[in-house]
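Asker: Take this structure first; my questions come after.
The values are calculated or read from the model by the stated rules, or taken from the named source; none is laboratory data. Everything numeric in this text was worked out from a predicted model, so none of it was measured. Cβ: placed from backbone, ideal geometry, glycine included. Neighbour counts: every protein chain shown.
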Amino acid sequence: MSDSSVMIRIGGEGGEGVISTGELLSKAASRAGHSIMTYRIFPAEIKGGLAQFQMRLSDRSIRAIATEFDHLMAFNQEALDAFHETVADGGCIYYDPSECDLEGMEIRAETIPVPLNEIAKEHGGTNRGKNMVALGFLARIAGLDLSVTRDLLTEKFRRKGEKILAVNIACLEAGYEVGAESSNGRAVLPSPPNGDGGGENGRRTIVISGNEATALGAIAAGCRYMAGYPITPASSILETMSRHLPRFGGTVVQCEDEIAALASCLGASYAGQKAMTATSGPGLMLMGELMTLASTQELPVVVIDVQRGGPSTGLPTKQEQSDLKFAIYGSAGEVPRIIVAPASVEECFHLTARAFNLAERYQLPVIVLSDTSLAFRTETIPEPDVSQIVVENRLQPTKAELVGYQRYRDTPTGVSPVAIPGTVGGIHIAGGLEHDENGSPCYTGSNHNRMNAKRFRKLETLREDFDEWVADFEIVEDAALGIIGWGSTKGAIQEAIEMAAERGIRVSHFHPRIVSPLPEKRLRRFLEESPIRKVLVVEENFTGQFSHFLKAKFDIRPVEVLKAEGVPFNPSEIFDAIVKAEADL
Amino acid sequence: MATAAKMKPTDYKSMREPIWCPGCGDFGTLNAFYQALSELEIEPHRLALISGIGCSSRLPYFVNAYCYHGVHGRALPTAMGVKLANPELTVIAAGGDGDAFSIGAGHIPHTVRRNPNITYIVMDNQVYGLTKGQIAPNSPTGMVTGTTPMGSLEAPINPVSMMIGFGATFVARGYAGNPKQLKDLYVKAIQHPGFAFIDVLSPCPTFNVNMTYQTLRPQVVDIPEDHDVTDRAAAFALSLHSAPQIGVFYQVDSVPYEKRIRDLRAKQVEYGGQPDLQALIHSYR
């Protein structure tokens, strides 16, 4: 962990405002110019109980969450009991003395009482504003400007009326004052040089979760139809779309099951609209048959799979990258599809937008493999500029092509112009039976070969179209070690590589954004035109799915660095694997 | 191409010839369908036909229209997606009783609840024909088939009762042997502004000896002229008659799903302002 970053955890009873304190603090820190990353851990069961919010903030960019905390704000005894051991040496615990009794507890960290209830009552009559007191306190501890936090609160509570706003502001200010005393005027973070505190010259950043970024990326790409079925951890994509898409002229349907969701998306796509569904592993499996239909009918569609701990119902609220094999190979019969994997919240936005472009350009389903850690975490990201988003649309037939129109014309790229219902002269049948160029059923071996070749040729065309963005890789001079990862592990891998560099160990890194079909030429360059002697494949599953996929294509025997414990990699765990691999060279 | 007004029933025939067995009720069903399309002057390029899997699900192949032949049991959600994406299209889902009431049954109540303006034609022969003779969800108890050599042990679904029970806003039954009435039912169903269901008794001479033109002809009865189609209880009672009634059982005013979605869009604009994606993104700061 770099010196300029701090980890803060807030804990208390569900419903006490723990989450809102954390969310507002993270937004205020972001507006002040800090980078933030938050991570929420939910119990799978539906009940109150212990709520917690954790955040890392830094004046530099953040790529992974850490596991040791510098500051803990405990609203009650339960939070204090549960979390005091997670506070690092030299860290500080703030607790409400009216809720917590430290008698007999062995606490390593420094403890400072903060009378949240008392201050809230003093300013609002009840203790309901205690989370605002905590917000003010922590804002001061973090070294944030009061005005930034106050402005944020004003925006948030304006709609609730003057009175409620005034109480909340009073609580905030009182908490801030107490914070000033407790921190002895010393802020934990230096003021960043490029604060966005609402000012005009600041960089434009937003604080957003992976699922929200996915939804907005879809809207940016022109998605106007979404159907889904609630499932953790994907539901908030459906909710975000429900809140916004109709306003953009779109349609959102909560379907009776995942099958209906994808079926209706394919119907919408057939009718010319850009459509998407979002689900998690169990739902993706239910969609399996329709996924193969989409590939056969050559319909563009985007399927977001927010992976969670499996198998079966598994660990529904926990992290795992274990749907890769199903995403790549899960089909009866052979079908082309594209799989992309965002590595950060920012990529959830941009890769989802690109997924639509890929689906439209090659007329096939594109799976976006997000995961729980991306879904629920919020990050400071540069505000995406809508005017810079390239939007592609499927190839439609020209007037000449509509004479004797063939929907599945065998072309050099494999892509055939598709007529949208309503187009005069474009009448055709889109079917799941093997068909000829006209779409008529045709079961001859030669036709089946030809149409398979046509459909898979689109992936060859895609490979030729591969651009810089399809993979991120860095070949470090003289590095004998190379790490290959995919999806959300990227930040932890990067931090581990930096830790290794400080120890004099050089490590190269390859991280594809398109996971299938693999950017093979680039990967070959990484593996064969570099001094790499040993490859580590880092992924969050039990069996090494990506490693298997790589071994099927390349003559490598990677060290598999695997974790399937429901939580993301800590950079230090990857660092340890690097050190061991270096020793074994 | 011919203008809509001049479209003859034969203009709705595609280049493909039906592949059904001789004597199949689906021929009569298809011919009445051509007649209805012609009467309604629907332009082929504005017509979308959606089906699943089964003998009768091949129907779209034989119609000059935009057609979609999907997987087994998913015609309804697919048709809904088409309609919501482009409400200007006339959208018709078609298939058999297995596709509808067995593998696809889970979609029926939800399509009914949403009430999109689509028509659903179920060619009902009470048997699985494409897989060569197994019981269907509406086969009578005791029916002997390949999977029920000693007779079916299960009670049949009554498709019309089920649809009225779910609250469908248009429910009718037709008979392939009465193409003129069937054509009229299609016209009414397509004109109905909401989800319209027609159960079409369509004999399978190959796999269901209990359900042929010979056995059906003396049984079917027209729904009495004085039946009040807005009376749901009366419609339900009628659906329970042992002799199959044909005609419109139930029809009430309805607001189609796509209209309610349009209203929702307007409401969101009223509440959140004109769509501005950059502003929306910026609100996350």
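Asker: Might you let me know whether segment B:132-144 holds any residue that is surrounded by fewer than 21 Cβ atoms within 10 Å (Cβ to Cβ), touching a Leu at 6+ places or on another chain (Cβ under 7 Å), of a type in the set (S, T, N, Q) and not in a loop (DSSP other than H, G, I, E, B)?
Answerer: There is no residue in segment B:132-144 that is surrounded by fewer than 21 Cβ atoms within 10 Å (Cβ to Cβ), touching a Leu at 6+ places or on another chain (Cβ under 7 Å), of a type in the set (S, T, N, Q) and not in a loop (DSSP other than H, G, I, E, B).
Asker: Can you confirm whether residue B:186 is within 21 Å of residue B:212 (Cα to Cα), buried (at least 18 other Cβ atoms within 10 Å of the Cβ) and among the aromatic types (Phe, Trp, Tyr)?
Answerer: Answer is no for this residue.
Asker: Also, I was wondering about something else. Report whether or not residue B:14 is under 27 Å from residue A:297 (Cβ atoms) and within 14 Å of chain A (Cβ to nearest Cβ).
Answerer: Spelling it out, residue B:14 is indeed under 27 Å from residue A:297 (Cβ atoms) and within 14 Å of chain A (Cβ to nearest Cβ).
Asker: Sticking with this structure for a sec: State yes or no: is residue A:482 of a type in the set (Gly, Ala, Ser), touching a residue at least 24 places away in the same chain (Cβ under 8 Å), crowded, with 17+ Cβ neighbours inside 10 Å and not in a loop (DSSP other than H, G, I, E, B)?
Answerer: So residue A:482 passes the test.
Asker: Right, here's the next one. Of all residues being at the interface with another protein chain (Cβ under 8 Å from one of its Cβ atoms) and not in a loop (DSSP other than H, G, I, E, B) in segment B:272-285, which is surrounded by the most Cβ atoms within 10 Å (Cβ to Cβ)? Just the residue, please.
Answerer: Here the residue is B:281.
Asker: Of (1) away from every other protein chain (no Cβ under 14 Å); (2) free of Cβ contacts under 8 Å to residues at least 60 places away in the same chain; (3) of a type outside the set (Asp, Glu); (4) surrounded by fewer than 24 Cβ atoms within 10 Å (Cβ to Cβ), residue B:110 satisfies all except one. Which?
Answerer: It fails just one condition, (1).
Asker: Related question: What number goes with the only condition from (1) touching an Asp or Glu at 6+ places or on another chain (Cβ under 9 Å); (2) over 27 Å from residue B:87 (Cβ atoms); (3) within 12 Å of chain B (Cβ to nearest Cβ) that residue A:424 does not pass?
Answerer: Of the numbered conditions (1) touching an Asp or Glu at 6+ places or on another chain (Cβ under 9 Å); (2) over 27 Å from residue B:87 (Cβ atoms); (3) within 12 Å of chain B (Cβ to nearest Cβ), the odd one out for residue A:424 is (2).
Asker: Could you tell me which numbered condition residue A:418 fails, if it satisfies all but one of (1) at negative phi; (2) within 13 Å of chain B (Cβ to nearest Cβ); (3) surrounded by fewer than 16 Cβ atoms within 10 Å (Cβ to Cβ)?
Answerer: Among (1) at negative phi; (2) within 13 Å of chain B (Cβ to nearest Cβ); (3) surrounded by fewer than 16 Cβ atoms within 10 Å (Cβ to Cβ), the lone unmet condition for residue A:418 is (3).
Asker: Could you list, in sequence order, all residues of segment A:528-551 that are of a type in the set (Gly, Ala, Ser) and modelled with pLDDT under 95?
Answerer: Correct list: A:530 only.
Asker: Consider residue A:579 carefully, then state whether it is of a type in the set (Val, Ile, Thr) and crowded, with 17+ Cβ neighbours inside 10 Å.
Answerer: No: the conditions fail for residue A:579.
Asker: Of the residues that make up segment B:153-165, is at least one crowded, with 19+ Cβ neighbours inside 10 Å and farther than 29 Å from residue B:233 by Cβ?
Answerer: Scanning segment B:153-165, I find no residue that is crowded, with 19+ Cβ neighbours inside 10 Å and farther than 29 Å from residue B:233 by Cβ, so the answer is no.
Asker: Taking the stated definitions as given, is residue A:259 of a type in the set (Val, Ile, Thr), more than 18 Å from the chain's Cα centre (by Cα) and over 23 Å from residue B:90 (Cα atoms)?
Answerer: Judged against the criteria, residue A:259 is a match.
Asker: Same structure, new question: Given B:36, B:100, which one is under 15 Å from residue B:124 (Cα atoms) and more than 10 Å from chain A (Cβ to nearest Cβ)?
Answerer: Of the residues listed, the single one that is under 15 Å from residue B:124 (Cα atoms) and more than 10 Å from chain A (Cβ to nearest Cβ) is B:100.
Asker: Look at residue A:297 and say whether it is surrounded by fewer than 24 Cβ atoms within 10 Å (Cβ to Cβ) and under 18 Å from residue A:358 (Cβ atoms).
Answerer: So residue A:297 does not fit the description; no.
Asker: Can you tell me which residues in segment A:344-372 are touching a Gly at 6+ places or on another chain (Cβ under 8 Å) and of a type outside the set (Phe, Trp, Tyr)?
Answerer: A:344, A:345, A:348, A:350, A:351, A:352, A:353, A:369, A:370, A:371, A:372
Asker: Turning to a different aspect of this structure: How many residues are crowded, with 24+ Cβ neighbours inside 10 Å, more than 10 Å from chain B (Cβ to nearest Cβ) and not hydroxyl-bearing (Ser, Thr, Tyr) when one looks only at segment A:259-282?
Answerer: Of the residues in that region, 3 qualify.
Asker: A further question on this structure: Hey, residue A:433 hits all of (1) more than 9 Å from chain B (Cβ to nearest Cβ); (2) closer than 28 Å to residue A:339 by Cβ; (3) surrounded by fewer than 17 Cβ atoms within 10 Å (Cβ to Cβ) but one; which does it fall short on?
Answerer: Checking residue A:433 against (1) more than 9 Å from chain B (Cβ to nearest Cβ); (2) closer than 28 Å to residue A:339 by Cβ; (3) surrounded by fewer than 17 Cβ atoms within 10 Å (Cβ to Cβ), the one that fails is (1).
Asker: For segment A:302-334, enumerate the residues that are farther than 20 Å from residue A:375 by Cβ and out of contact with any Leu (no Cβ under 8 Å at 6 or more places or on another chain).
Answerer: A:325, A:328, A:329, A:331, A:332, A:333, A:334
Asker: From the list A:368, A:391, pick out the single residue that is out of contact with any His (no Cβ under 6 Å at 6 or more places or on another chain), of a type in the set (Val, Ile, Thr) and within 14 Å of chain B (Cβ to nearest Cβ).
Answerer: None of the others qualify; the one that does is A:391.
Asker: Filter segment B:212-239 down to the residues that are in a helix (DSSP H, G or I) and free of Cβ contacts under 8 Å to residues at least 60 places away in the same chain and list them by number.
Answerer: Passing the criteria: B:214, B:215, B:216, B:233, B:234, B:237, B:238.
Asker: Pairs only if they're at least six apart or on different chains, beta carbon under 7 angstrom, first in segment B:8-25 and assigned to a helix (DSSP H, G or I), second of a type in the set (Val, Ile, Thr); list them, first residue then second.
Answerer: Here the result reads B:12/B:63, each pair linking segment B:8-25 to a residue that is of a type in the set (Val, Ile, Thr).
Asker: Considering only segment B:66-88, I want to know if a residue exists there that is touching a Lys or Arg at 6+ places or on another chain (Cβ under 8 Å), facing chain A (nearest Cβ under 7 Å), assigned to a helix (DSSP H, G or I) and surrounded by fewer than 24 Cβ atoms within 10 Å (Cβ to Cβ).
Answerer: No, that holds for no residue.
Asker: In segment A:220-251, what residues are of a type in the set (A, V, I, L, M, F, W, C), at the interface with chain B (Cβ under 10 Å from one of its Cβ atoms) and in contact with a Ser or Thr (Cβ under 9 Å, 6 or more places away or on another chain)?
Answerer: Listed by number, the residues that qualify are A:220, A:227, A:245.
Asker: Which of (1) under 30 Å from residue A:54 (Cα atoms); (2) in contact with a strand residue (DSSP E or B) (Cβ under 9 Å, 6 or more places away or on another chain) is the odd one out, the single condition residue A:506 does not satisfy?
Answerer: Evaluating residue A:506 over (1) under 30 Å from residue A:54 (Cα atoms); (2) in contact with a strand residue (DSSP E or B) (Cβ under 9 Å, 6 or more places away or on another chain) leaves (1) as the failure.
Asker: Considering segment B:232-271 alone, what residues qualify as being surrounded by fewer than 12 Cβ atoms within 10 Å (Cβ to Cβ) and either touching an Asp or Glu at 6+ places or on another chain (Cβ under 6 Å) or away from chain A (no Cβ under 14 Å) (or both)?
Answerer: Correct list: B:233, B:240, B:241, B:242, B:243, B:253.
Asker: Look at segment A:365-406 and say how many of its residues are of a type in the set (D, E, K, R) and in contact with a strand residue (DSSP E or B) (Cβ under 7 Å, 6 or more places away or on another chain).
Answerer: Result for segment A:365-406: 4.
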